[in-house]
Ligand code: BV8
Ligand code: ZN
């Protein structure tokens, strides 16, 4: 837990990093979108979500077995995402791009909310729900070209169209994973925000950062599965903590 060595909300070490880090990397999970109203994987939501386990539905097997059901689940999720807005946590991370000499944002989320909040360089380890692709010819479809529907859609080539997200058992986009692992090895401050730390290889990133000498801080109301390996755990909601953290960094870096 963080030590309140002085008046500030943050530990002396974290303050020092916020003021002097040259390379900051952030990994986000579903928790950063929770305050926007997007149900997370663990706490689930209502409807389709509550009745099915994402680790069963978010698989190629489920899609092969019942493409309409899986397509309906993603259509339902896309409908939720279209109806929500980024929250202060997303906006704080968008501002962070301008505050540190090098800043990298790596997300497990497929909801596109970081980009909608203004982040310009988002590394999506698990794809993007607003993008679909043809199983046969690989043609990509953006949101409106593959509208939400009750039945799976087919490409002009006849192939089935799938969400362009990484399912369980599927490999991650190589360039994005390599980028994320390299940033974790090189950064001097690593924040892991709103993730349960259960799904690999993303969950290994904070551990890689720690082993490579970075100061690693978790922001989550509950300790994640990897919390005890990290330097600090700030217990709180990302929409509340991230703006305070970025305010502190801005104050320390502009009061030169
Ligand atoms: C792979 C996209 C190679 C799709 C997702 C056995 C042991 C270990 C590993 C494995 C195993 N068997 C298989 C594996 C590998 C598997 C894995 O790790 N499984 C886990 C379940 C054990 N990984 C894979 O399959 C990956 N691929 O490894 O390929 C390979 C190939 C073949 C066989 C083996 C390996 C692919 C993983 C990607 C899956 N796709 N999403 C879609 O969205 O539909 S995963 C999805 O769930 C997310 O992207 C995220 O990565 C993951 C976990 O979700 P979180 O983001 O952490 O969110 P969660 O709901 O879990 O938690 C929310 C957190 O927020 C909580 O901690 C909560 O306290 C906090 N919170 C709540 N409110 C707030 C908050 N925090 C801050 N503020 C708040 N307000
Ligand atoms: Zn096609």
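Take every pair of alpha-carbon atoms less than 8 Å apart whose residues are at least six positions apart; their mean separation over the length of the stretch 32-138 yields a relative contact order of 22 percent. No solvent, one uniform scatterer per C-alpha: report log10 I(q)/I(0) for the stretch 74-142 via the Debye equation at q = 0.12 1/Å, two decimals. At q = 0.12 Å⁻¹ the computed log10 ratios are -0.37. Using the Cβ-Cβ distance between residue 84 and residue 120 with R0 = 25 Å, the FRET efficiency computed as 1/(1 + (r/R0)^6) comes to roughly 0.75.
Rank the residues 27, 139 as a footprinting-exposure proxy: fewest other Cβ atoms within 10 Å of their Cβ go first.
Numbers: 27 28, 139 15.
Final ranking by Cβ density, sparse to dense: 139, 27.
On the beta carbon distance between residue 42 and residue 160, with R0 = 35 Å, the FRET formula returns roughly 0.75.
Shape of the stretch 195-256 from its Cα gyration tensor (a ≥ b ≥ c, root eigenvalues): rounded if a/c is under 1.5, otherwise prolate when a/b > b/c, or oblate? Cα axes put the stretch 195-256 in the oblate bin. Size of the chain: Rg and Dmax of its alpha carbons, in Å, are 18.9, 64.
Report the calculated FRET efficiency for residue 56 and residue 9 (r = Cβ-Cβ distance, R0 = 41 Å), to the nearest 0.05.
On the way: r = 40 Å, r/R0 = 0.98.
After rounding, the FRET efficiency stands at 0.55.
What percent does the relative contact order of the chain come to when contacts are Cα pairs within less than 8 Å and at least six residues apart? With pairs under 8 Å counted, the relative contact order is 25 percent. Label zone (residue 200, point 7 Å along Cα-to-C-beta; backbone nitrogen cut-off 18 Å) within the stretch 229-245: 229-230.
Rounded to the nearest 10 degrees, the inclination of helix 238-254 to the longest alpha-carbon principal axis of the chain is 50 degrees. Multiplying the residue separation of residue 76 and residue 228 by 0.36 nm and subtracting their alpha-carbon distance yields 51.2 nm. Contact order for the stretch 164-256, expressed relative to its length and based on alpha carbon pairs under 8 Å spaced 6+ residues apart, stands at 22 percent. Here the sum of -39500 (n - 2.57) over DSSP H runs of 4 or more residues, divided by the residues of the chain, equals -10500 deg cm²/dmol at 222 nm, to the nearest 500.
Percentage of Cα-Cα pair distances in the stretch 89-201 greater than 25 Å, rounded to whole percent? The proportion of pairs with Cα distances above 25 Å equals 31 percent.
The numbers here are math on the coordinates, done by the rules we state, and not lab data. Source: prediction; values computed, not measured. Quick reminder, even Gly has a Cβ in these numbers, built from the backbone with ideal geometry, and neighbours come from all protein chains shown.
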